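For reference, the structure is listed below as structure tokens.
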Amino acid sequence: MAEASNTTVTLQVHRFTPRPERAERARGGSPFAKKGSPFGGGSDSAARRRPRGKQWVQEYTIPARPSDTVLDCLLTIKRTVDPTLAFRYSCGHGMCGSDAVAINGTPTLLCTATIRDWAKQPGAMPEVDDEGFRHTGTEAEESDDSAENVANAAAAQNSAANGSLGVIELASLPGFPPQRDLIADIDPMLNQIRKLTPYLQADGVLATTAEGKVDVFEYLQNPEQLAKYELLSNCIACGVCEGACPVYAGGDAFIGPAALIWASRFVNDSRDTKAMERMDAIDTADGVAACQSVRACSRHCPRGIDVGEEMWQIVAKVRER
């Protein structure tokens, strides 16, 4: 963003500042209080509760080009406008997954989202009706003379005349408690992944020759065996699929699609000897049984994993074992 730009973009950032924690007061126990939940409503559920704090929406209008990423814009704001704005990033190239947020309500990565793809013109009609439903494939939508298209075209012309590329709304990743501004606490997701032992557990037996000598020191696989899990190993645990999942983001008891992807990665690995144990671990009320096959988790995976299809495959394997 070093070059001068005659166009601007407006970022509407949902900001959050946590309230200092107060010491818990000792209270007497109740004989009617539930001691636990069979559906995982314990410490993990408590960790996903939204903390208390100050919430507000702040607008920033800065020079930008259509090819700039949303991360570029946030860095400009951080360096030249408001140093208090908090967000997380690392590689800046869609490889680490640390900058997942909700852009216009859709979970995705800041570093791969461009202004051209995500900016909306102010005054444009919403894409949903009054009840919150999005209509697709209708004749009115396909018509160039529809009220929505006419209003959106007029809004685009007005913005172009003013040099505005549009407005982008930013919020922290859904389904996770915000820590500050656009930074979400993804520890609940990482803890669920850790519980499923996300590492290779092989038998440790080395291949030997007929004379009993060690033949190779590798665990050999053919290309067909590798293809069963190779794409799954690209998961970067960014949380985009979790934020898009209406079950997980809605707060229901569910270990989440990211944890199931990591489990499926090793279940499909021919070198791993704990496939049955791994499937037993996810065959629970808050495991594969909680997946409702909505497939919203597949829409914006930055690594190109068809998460919804993998959910279907692992559910089928668990039920058929």
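Beta carbons closer than 6 Å, at least 6 apart along the sequence or on distinct chains, pair a first residue in region 82-95 that is free of Cβ contacts under 8 Å to residues at least 12 places away in the same chain with a second that is of a type outside the set (S, T, N, Q) for SER90/CYS96.
One line per residue, one yes/no per condition, for (1) touching a strand residue (DSSP E or B) at 6+ places or on another chain (Cβ under 8 Å); (2) outside the structural domain of PRO107 (by TED's automatic domain parsing); (3) assigned to a loop (DSSP other than H, G, I, E, B):
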| position | (1), (2), (3) |
| --- | --- |
| VAL57 | yes, no, no |
| TYR60 | yes, no, no |
| PRO66 | yes, no, yes |
| CYS73 | yes, no, no |
| ARG79 | no, no, no |
| ASP82 | yes, no, yes |
| ALA86 | yes, no, yes |
| TYR89 | no, no, yes |
| MET95 | no, no, yes |
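Could we say that ALA244 is surrounded by 19 or more Cβ atoms within 10 Å (Cβ to Cβ) and in the same structural domain as ILE193 (by TED's automatic domain parsing) here? Yes: the conditions hold for ALA244. On the basis of being polar (S, T, N, Q) and either touching a Phe, Trp or Tyr at 6+ places or on another chain (Cβ under 6 Å) or assigned to a loop (DSSP other than H, G, I, E, B) (or both), does SER270 make the cut? Answer is yes for this residue.
Residues in region 84-99 that are farther than 16 Å from PHE16 by Cβ and in contact with a helix residue (DSSP H, G or I) (Cβ under 9 Å, 6 or more places away or on another chain): TYR89, GLY92, GLY97, ASP99. Quick check on region 158-172. Is at least one of its residues farther than 29 Å from THR84 by Cβ, outside the structural domain of GLY251 (by TED's automatic domain parsing), at pLDDT below 65 and surrounded by 11 or more Cβ atoms within 10 Å (Cβ to Cβ)? Yes, some residue in region 158-172 is farther than 29 Å from THR84 by Cβ, outside the structural domain of GLY251 (by TED's automatic domain parsing), at pLDDT below 65 and surrounded by 11 or more Cβ atoms within 10 Å (Cβ to Cβ). Evaluating ILE261 against the criteria (1) in a loop (DSSP other than H, G, I, E, B); (2) closer than 18 Å to ALA316 by Cβ; (3) touching a residue at least 24 places away in the same chain (Cβ under 8 Å) leaves one unmet condition, (1). Restricting PHE266, PHE254 to those that are of a type in the set (Phe, Trp, Tyr) and in contact with a Pro (Cβ under 9 Å, 6 or more places away or on another chain) reduces the list to PHE266. Checking the structure you have, find out if any residue of region 105-119 is touching a helix residue (DSSP H, G or I) at 6+ places or on another chain (Cβ under 9 Å), of a type in the set (D, E, K, R) and either assigned by TED's automatic domain parsing to the domain that holds SER298 or modelled with pLDDT of 95 or more (or both). No; the residues of region 105-119 include none that is touching a helix residue (DSSP H, G or I) at 6+ places or on another chain (Cβ under 9 Å), of a type in the set (D, E, K, R) and either assigned by TED's automatic domain parsing to the domain that holds SER298 or modelled with pLDDT of 95 or more (or both). Filter region 262-321 down to residues that are of a type in the set (Phe, Trp, Tyr) and under 21 Å from LEU190 (Cα atoms) and give me whichever is farthest from the chain's Cα centre (by Cα). So the residue we want is PHE266.
The values are calculated or read from the model by the stated rules, or taken from the named source; none is laboratory data. What you see is a predicted model, and the numbers here were worked out from it, not measured in a lab. Don't worry about glycine lacking a Cβ; one is built from the backbone with ideal geometry, like all the others, and counts go over all protein chains shown.
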